[in-house]
């Protein structure tokens, strides 16, 4: 038996689940399809190494979706200061100087996903289909017919691909994506420092690559250190004492040297940019649309802005109308915004990684940013997703 939905979302990660929640709050009938249902968060578990910096605008979207209140407060690390160093240059941002309470929050991705699914469990307009996957789709008049494995076929007015960087639906729609292999890996771990991190996001452009220390809720810091693949893998495999010595040679955070670390992981870094975000009644969002270098912490934030923008352009769309106009607006909006941010991050990494002159140029730029208030304010608004180009949900405090 074939079931009908207004929207089917393939991919139940944070961006896909938030999209489902936002569309359901418009009174739409939504199906969320994923290969695995996420596990509930164990409050006694060790912090997951997969963490993300949530901007104020992204938090507003999570609030509007009903997700943020489900995230345990003792798993959220707020920060009100951000400090960036490069070759003697320094720029510091303080939330209070820009009329904000915080510049962001460090949260585990599994905690956000579990919170989103917990909310959706109580949404009568959302069908959660897991484990399952969309294996094929074809257009039939004003609907898409979807093959689901396992399960009965589905019909939907729009199909949303939130199925990750290697999106199968993007491939099936013959949407090309440009790839840049950085030959870098991000080394991630949680570290204990001499003093607890008081809520500072600290970053330094080291010789091997950018190193960030991000505040966790328990006073530790999550590190993300991007470097050439072979160097990152060597650091991963060192014994703890040697690793901490190497780390402390490159970081001079105000909360002191690292004294312990959790297990270390490395992740390959690849930038992807889909050339289209829309094909007929299919729309891409999140990592299916693009992936970016982690040095600015914008990956999931971009996906949440996609979710809010798609919900916004579809607010007045009547399901029996042709969605082409609304989807074209979404594509122009998010291709432009995503490419601008991803391109800027890409340029900074290319200039500074393994390049002393590039790091010196960055230091000069940081000095200029420190001196020019309008430039600082513009940067904060853009980084926090509170600028005029951000979706209304991001700019509105619920």
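Just a few scattered comments:
- If only residues of segment 122-134 that are touching a strand residue (DSSP E or B) at 6+ places or on another chain (Cβ under 9 Å) and at pLDDT 95 or above are counted, the one that is surrounded by the most Cβ atoms within 10 Å (Cβ to Cβ) is 134.
- Filter pass, residue 14 being in contact (Cβ under 8 Å) with a residue 40 or more places away in the chain and more than 30 Å from residue 252 (Cβ to Cβ): yes
- Filtered by the rule that a residue be assigned to a helix (DSSP H, G or I) and surrounded by fewer than 20 Cβ atoms within 10 Å (Cβ to Cβ), segment 236-250 gives 236, 237, 240, 241, 242, 244, 245, 246, 248, 249, 250.
- Any hit, segment 34-52, residues being farther than 25 Å from residue 165 by Cβ and touching a strand residue (DSSP E or B) at 6+ places or on another chain (Cβ under 7 Å): no
- Residue within segment 24-36 that is modelled with pLDDT under 95, surrounded by 15 or more Cβ atoms within 10 Å (Cβ to Cβ) and not in a loop (DSSP other than H, G, I, E, B) present: no
- The residue of segment 163-172 that is farthest from the chain's Cα centre (by Cα), among those that are under 15 Å from residue 276 (Cβ atoms) and in contact (Cβ under 8 Å) with a residue 12 or more places away in the chain, is 172.
- From 175, 160, residue being under 23 Å from the mean Cα position of the chain (by Cα), assigned to a strand (DSSP E or B) and touching a residue at least 12 places away in the same chain (Cβ under 8 Å): 160
- Hey, residue 210 in contact (Cβ under 8 Å) with a residue 60 or more places away in the chain, touching a helix residue (DSSP H, G or I) at 6+ places or on another chain (Cβ under 6 Å) and crowded, with 23+ Cβ neighbours inside 10 Å or not: yes
- Segment 236-253, residues that are more than 17 Å from residue 205 (Cβ to Cβ) and in contact (Cβ under 8 Å) with a residue 12 or more places away in the chain: 236, 240, 243, 244
- Residues of segment 204-229 that are modelled with pLDDT under 95 and outside any strand (DSSP E or B): 206, 207, 208, 209, 229.
- Residue check, residue 282 more than 21 Å from residue 197 (Cα to Cα), crowded, with 19+ Cβ neighbours inside 10 Å, at pLDDT 95 or above and out of contact with any helix residue (DSSP H, G or I) (no Cβ under 6 Å at 6 or more places or on another chain): yes
- When restricted to residues that are at pLDDT below 95, outside any strand (DSSP E or B) and closer than 23 Å to residue 173 by Cα, segment 1-23 contains 1.
- Output for segment 128-157, where each listed residue is outside any strand (DSSP E or B) and without any contact (Cβ under 8 Å) to a residue 40 or more places away in the chain: 141, 150, 151
- Of all residues making up segment 42-64, the number that are surrounded by fewer than 20 Cβ atoms within 10 Å (Cβ to Cβ) and in contact with a helix residue (DSSP H, G or I) (Cβ under 7 Å, 6 or more places away or on another chain): 2
- 1 or more residues free of Cβ contacts under 8 Å to residues at least 24 places away in the same chain and in contact with a helix residue (DSSP H, G or I) (Cβ under 9 Å, 6 or more places away or on another chain): qualifying strands (runs of 3 or more DSSP E) within segment 65-127: none
- In this structure, residue 199 does satisfy being under 23 Å from residue 300 (Cβ atoms) and surrounded by fewer than 21 Cβ atoms within 10 Å (Cβ to Cβ).
- Residue within segment 74-82 that is modelled with pLDDT of 95 or more, surrounded by fewer than 16 Cβ atoms within 10 Å (Cβ to Cβ) and under 22 Å from residue 59 (Cβ atoms) present: yes
The values are calculated or read from the model by the stated rules, or taken from the named source; none is laboratory data. Everything numeric here is computed off the predicted structure, so don't read it as measured data. Cβ sites come from the backbone with ideal geometry, for glycine too, and all protein chains shown count toward neighbours.
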